[in-house]
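Some notes on the structure that comes next.
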Amino acid sequence: MHDAADLHHAAELYYVQGMTMEAVADRFGVSRPTVSRMLQAARDRGIVRISLSAPPDAGQDLARRLREAFGVVVHVAGTPRAATEPQRLDSVARAAAALLADWFGDGMTLAVAWGTTASAVAAQLHPKATRNALVVQMNGAVSARSPETVQSPALLSQMATAFGASLLPFPAPAFFDDERTRTLMWRESTVRRVLEVRNGADLAVFSVGAFRGPMISQVYSGGYLAEDAVRELVAHRVVGDVCTVFLREDGTYADIGLNRRATGPTPLELRRIPRRLCVVAGDHKVPGVLGALRAGVVTDLVIDERTAEAVVRRLFGR
């Protein structure tokens, strides 16, 4: 039987000084199993207290850094490191759908920008009854080049049905051929009605489109843009779009000619909506995410952990 002083000494040698059990046994002139029993006795008597510190939550740290940089609320959706692009999209879509169900209620208007991510969010919505609620389409979706690619009616209908809300579509192309045509269309009473409702929405949900990467935005893959328009975007250092309005990574957009033909709200118009939920997944969207954050169009960001890590690395350079 060893006294408390021996137990303390053995524990100090093993736990603090890092000696092996064999070395401690040699020091005390005992066998290795005896040292093992001494260490167990030290724990039983409270001479040694073992505590475990959980590793810091990477998602919380990423959310904090982005919140401090841009003043937005960040919801990081955890995904396995080996998750595929569709799995990462599914993760953020489920998180965004849960937030929408919590936020959207009676008498509210939800403005929706069509796209692959918004469709994924709509697919995750569970029925929630609301009264006097409205879902409005934020940007036109018709493409003269490829009309069969339009998916916004199904997406908007799915969201409206999930909430038992009325639906107000936007009867316009995604892009006009001539900005003067848009000016004339904006004078039409039907279009003015959509614009008024859109600009007065309580809540908006959208993603960031990207024209490079494994999951290209429908704006670029669906035939909405001619090759010369894409070349123009490249020349202007465009990294993505929000509601079919194109952005640079620094958040600027006003001098990009194609935006004068777009039907989506400009960042200035979008910022009038009190709560603006941006949902993104994928490393290829990182420059566009930074452009959207710098343009001030985001109040709430749902992002998967790997994409958030990539955004932080690009932002802080490490």
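Each reported figure results from applying straightforward, stated rules to the coordinates on display, with no laboratory input. In this text the structure is predicted, and so the values were computed from the model without any measurement. Cβ coordinates were reconstructed from backbone atoms using ideal geometry, including for glycine residues, and neighbour counts include every protein chain displayed.
Considered as an equivalent ellipsoid built on the Cα gyration tensor, the chain has semi-axes of 56, 22, 16 Å, the largest given first.
Between amide H atoms placed 1.01 Å from N, distances below 5 Å from ARG276 occur with ALA204, THR299, ASP300, all of them 5 or more places distant or on a separate chain. Taking amide H atoms as placed 1.01 Å from N in the peptide plane, the amide H of ALA141 lies under 5 Å from those of ALA172, ALA174, each 5 or more residues away in sequence or on another chain.
Listed values for segment 197-203 are Karplus-derived 3J(HN,Hα) couplings in whole Hz (6.51 cos²θ - 1.76 cosθ + 1.60, θ = phi - 60°), namely 5, 4, 5, x, 5, 8, 8, and x replaces Gly and Pro. Subtracting the Cα-Cα distance of GLN60 and ALA101 from 0.36 nm times their residue separation leaves 12.5 nm of extension gain.
A straight chain from THR161 to ASP228 at 0.36 nm per residue would run longer than the Cα-Cα distance by 20.2 nm. For the pair ASP177 and ASN199 in one chain, pulling the backbone fully straight at 0.36 nm per residue adds 5.6 nm over the alpha carbon distance. With a/c under 1.5 counting as rounded, go ahead and sort segment 98-142 into rounded, prolate or oblate using the C-alpha gyration tensor (a ≥ b ≥ c being the square roots of the eigenvalues; past the cut-off, prolate if a/b is larger than b/c, else oblate). Since a/c reaches 1.5 but b/c is at least a/b, the shape of segment 98-142 is classed as oblate.
Between VAL73 and ARG192, the simple label model (points 7 Å from Cα in the Cβ direction) yields a spacing of 3.5 nm.
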